[in-house]
Amino acid sequence: MNTTLSRKIQKVLEIKLDSKDLSNALEELSTFYTANSISARRNLRSEIEKRYLDINIEFLDQFNQLNDSINELIKDFEEIKTGCDDICNHLNSTNKVSSKLLTNANMLTENLKDIEEKEKLLNEFYKKFKLSQQEEYSLTNSTDIDSNFYRALDRLSEIQLECKKNLINNQYQKPTFEILEQINKHQETAYRRLYGWTKEIIKSTLQRENPTIESFKDNQQNSYNDRSDNIDSRQHEESLKQRKQSSMLPQALGSLQTRPLLLKHCLDEISEYRSKTISTGFITALSFGGPNGMPRPIEINAHDPQRYLGDMLAWIHQCLASEFELVSTILSKVTIKINDKINDQQQQQQNSDQQNSIEQDEELIDPILKVLNDSFECINRPLSIRVEQILQSKPGIIITYRMISLLDFYSRMAISILQQQIIANNRISNIFNLIKSNCLSVFFTQIKDHFDKLERSPTIPSHQDLLPTNEIKDSVNKLSDLLSTFNGSLIPIDEREKEYIPVFSSFIQKIINLTTFSATSSKLPLISMAVFMINSLSLIKGVLENYNFTKSNLELLSCQIEAHMDTLVEEQTSEILQQMGIGPKLSILQYSDNKTPLSQNIGMDRLSVVQSIRQFDNCLEQNFGSLAMPNCEKISDTALKVYSKKSVSNLISVAYSSLYKSILDPFNQYDEPNQIFQYKPDQIKTMLDI
């Protein structure tokens, strides 16, 4: 085979038909090689070379266009560079010319900054340490106290504070002292002027019985538009001026806080005027009543102690509520507390130091409370005198305690109105508590006299029913009324037991003592005395069980009732056993010698025992399930009655069982002991309904 042909064939065989390049070549070839003819196959090579040449020529044309664009870009760049060089040269020449001008401008700028800084410091100094002409005029030459005065007064305080800062930092000592001295003079003058103006406003507004609270508030914007055509313009302007001055009273008192002595004098003035008004109003309400006689005078009900005292306390309570609202409005801007024991020497020292140095906190008191305390001191004497007159008329125990409850109620109401946690400082409440203490003393005296009188001539209980006597029932009814009154009071639930014990324990003990004294004086049998005591103590306990705060007395009564129940049960059991015939046998059994057989004791022979057991059986059969217990039947409390009967039955069953065991014991030497008893102990329990 021809070597050349063989090589070509080998080359063709080595071609990979799945090659990507072969696929792409064949795909491109299919675009122009459409007919598979001999001519086409012969011209294929030349056709491919021709297409390759066309592609190169096209690429060369596009590259020439790119080269032309780059040449144009280079030309433009050269032009820009030439322009930039011209500009730089121009700037360099300009910079050389204006460098001196810029240096001068910088120097002037620095000088301007220094001047502005000095001007700023000077303005700040004036702002911190100097009053404006308008502020000085408001403090000294103004004819009236207005909002500008208070702003100027606050400005003085600010300057004073800045001076103190300078002194602390050791800056500008001499000028600061001079400024501070001048400011202090302005301040003292302003406060003296404000103090005098405040006293005049207090005098002109608080002497009225019912000053309008709204006039002391700041919401007076619309008050200047309410002119009526029927009112003279001069009177209208005077009224508006007075209302405006009244509305500024709270602010005036608030500004006087830095001068506690002056503020205290103003508070004393307020207390004095309000005290006169309250005293006059109280006496008028007592003697003359309201306008046109309505409401009616309080003293018209002097014959009814409870209503009389209630009306007086209600008037004081209503007056206290309105006075609290008035004083709270007037002192709404006073935030410090006042030393109630402050003196002039202390205050002079405080003014010199410009500080309020109070050593003991317990001397501090709320200004509102101080004014109300001083204002209502005037009601102490007339109220105390009238309560004393009521007590001298010797009202009953119930009325006296209701008066005590009324005083306690309004005392707590006073505390709640004043919103004061420290009760010791609440003088209004203390007045009520002092009168309450006097009433309590009379109350305890009345209790003592009442029971002493009853014990001097005690009533003997009835032998038929052994129920509490009328005196005991009356005393228990009084106790019920007292507890009902106490339960309706304002005493908090967690404090009621503590308040209850000192007042009522002695009363309850007196009733118990009276019951015991009546029982012992009656010379009743022991069992009857026990029934009487149980009925009486149960009556007391029934009253106490209705309340949660009587636990201590309930425990005492339960113990005493239990003790008397034991006595009753033992005596009733002994009595029934005697009636049923085995009582004597049980006594012999109880005291017999354990070393001697029971049958050898006198009265315990077989015949005697048989007779007693037969008598017991006969009685039990006749009263099957319901033994007669006359003393237990007299117990008024059903639960105690049932319990006592059951206890008696249990004791009878136990006694029979002990006798049964003893007779059956061989040591006691009874002949045919089983024939002695007709019933066994379990059968006896059934017959007794246990």
- Give region 456-492 a look and list any residue that's assigned to a helix (DSSP H, G or I), free of Cβ contacts under 8 Å to residues at least 12 places away in the same chain, more than 20 Å from LEU406 (Cβ to Cβ) and of a type outside the set (Lys, Arg), or say none. ASN470, ASP474, ASN477
- Task: Using the structure shown, decide if ILE431 is within 24 Å of ASP304 (Cα to Cα) and either under 22 Å from the mean Cα position of the chain (by Cα) or buried (at least 19 other Cβ atoms within 10 Å of the Cβ) (or both).
- Result: yes
- Message: For region 560-570, check the following and say yes or no: at least one residue is part of a helix (DSSP H, G or I), over 27 Å from ASN535 (Cβ atoms) and hydroxyl-bearing (Ser, Thr, Tyr).
- Response: no
- Task: Considering each of ILE508, ILE512 in turn, give the residue that is more than 37 Å from the chain's Cα centre (by Cα), at pLDDT 90 or above, within 29 Å of LYS634 (Cβ to Cβ) and not in a loop (DSSP other than H, G, I, E, B).
- Result: ILE512
- Message: Take residues that are farther than 20 Å from MET565 by Cβ and not assigned by TED's automatic domain parsing to the domain that holds ILE540 and tell me which of the helices (runs of 4 or more DSSP H) falling wholly in region 582-690 contain 1 or more.
- Response: 583-591, 606-622, 638-664, 681-687
- Task: Would you mind stating whether SER489 is surrounded by fewer than 21 Cβ atoms within 10 Å (Cβ to Cβ), closer than 27 Å to ILE316 by Cβ, modelled with pLDDT under 90 and assigned by TED's automatic domain parsing to the domain that holds LYS523?
- Result: yes
- Return only the number of the condition from (1) polar (S, T, N, Q); (2) over 22 Å from PHE409 (Cα atoms); (3) under 37 Å from the mean Cα position of the chain (by Cα) that SER287 does not satisfy. (3)
- Scanning region 261-272 for residues that are touching a Lys or Arg at 6+ places or on another chain (Cβ under 7 Å) and either surrounded by fewer than 21 Cβ atoms within 10 Å (Cβ to Cβ) or aromatic (Phe, Trp, Tyr) (or both) gives GLU269
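The rows are residues; the columns are (1) at pLDDT 90 or above; (2) over 29 Å from SER271 (Cα atoms); (3) touching a helix residue (DSSP H, G or I) at 6+ places or on another chain (Cβ under 7 Å).
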position	(1), (2), (3)
ALA414	no, no, yes
GLN420	no, no, yes
ASN425	no, no, yes
ASN438	yes, no, no
SER441	yes, yes, no
LEU454	no, yes, yes
SER457	no, yes, no
ILE460	no, yes, yes
LEU467	yes, yes, yes
- Message: So, in region 315-339, exactly how many residues are farther than 26 Å from ARG412 by Cβ and either of a type in the set (Ser, Thr, Tyr) or in contact with a His (Cβ under 9 Å, 6 or more places away or on another chain) (or both)?
- Response: 1
- For region 530-546, state whether one or more residues are of a type in the set (A, V, I, L, M, F, W, C), assigned to a loop (DSSP other than H, G, I, E, B) and buried (at least 21 other Cβ atoms within 10 Å of the Cβ). no
- Query: Considering only residues of region 609-656 that are over 15 Å from LYS685 (Cα atoms), surrounded by 16 or more Cβ atoms within 10 Å (Cβ to Cβ) and small (Gly, Ala, Ser), which is nearest to the chain's Cα centre (by Cα)?
  - Reply: SER636
- Looking at (1) more than 47 Å from the chain's Cα centre (by Cα); (2) modelled with pLDDT of 90 or more, which is the only condition LYS473 fails? (1)
- Being in a loop (DSSP other than H, G, I, E, B) and free of Cβ contacts under 8 Å to residues at least 60 places away in the same chain is the filter; apply it to region 515-529 and report the residue that is surrounded by the most Cβ atoms within 10 Å (Cβ to Cβ). PRO525
- Tell me which residues, restricted to region 290-310, are assigned to a helix (DSSP H, G or I) and either within 30 Å of the chain's Cα centre (by Cα) or among the small types (Gly, Ala, Ser) (or both). GLY293, GLY310
- Query: If SER393 passes every condition in (1) crowded, with 16+ Cβ neighbours inside 10 Å; (2) at pLDDT 85 or above; (3) farther than 22 Å from ARG274 by Cα but one, which one does it miss?
  - Reply: (1)
- Task: Using the structure shown, decide if SER30 is exposed (fewer than 10 other Cβ atoms within 10 Å of the Cβ) and not basic (Lys, Arg).
- Result: yes
- Residue that is farthest from GLU325 (Cα to Cα) [pool: residues in region 391-422 that are out of contact with any Cys (no Cβ under 9 Å at 6 or more places or on another chain) and β-branched (Val, Ile, Thr)]: ILE397
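The values are calculated or read from the model by the stated rules, or taken from the named source; none is laboratory data. Computed from a predicted model, the values in this text were never measured in an experiment. Here the Cβ is made from the backbone with ideal geometry for all residues, glycine too, and neighbour counts use every protein chain on show.
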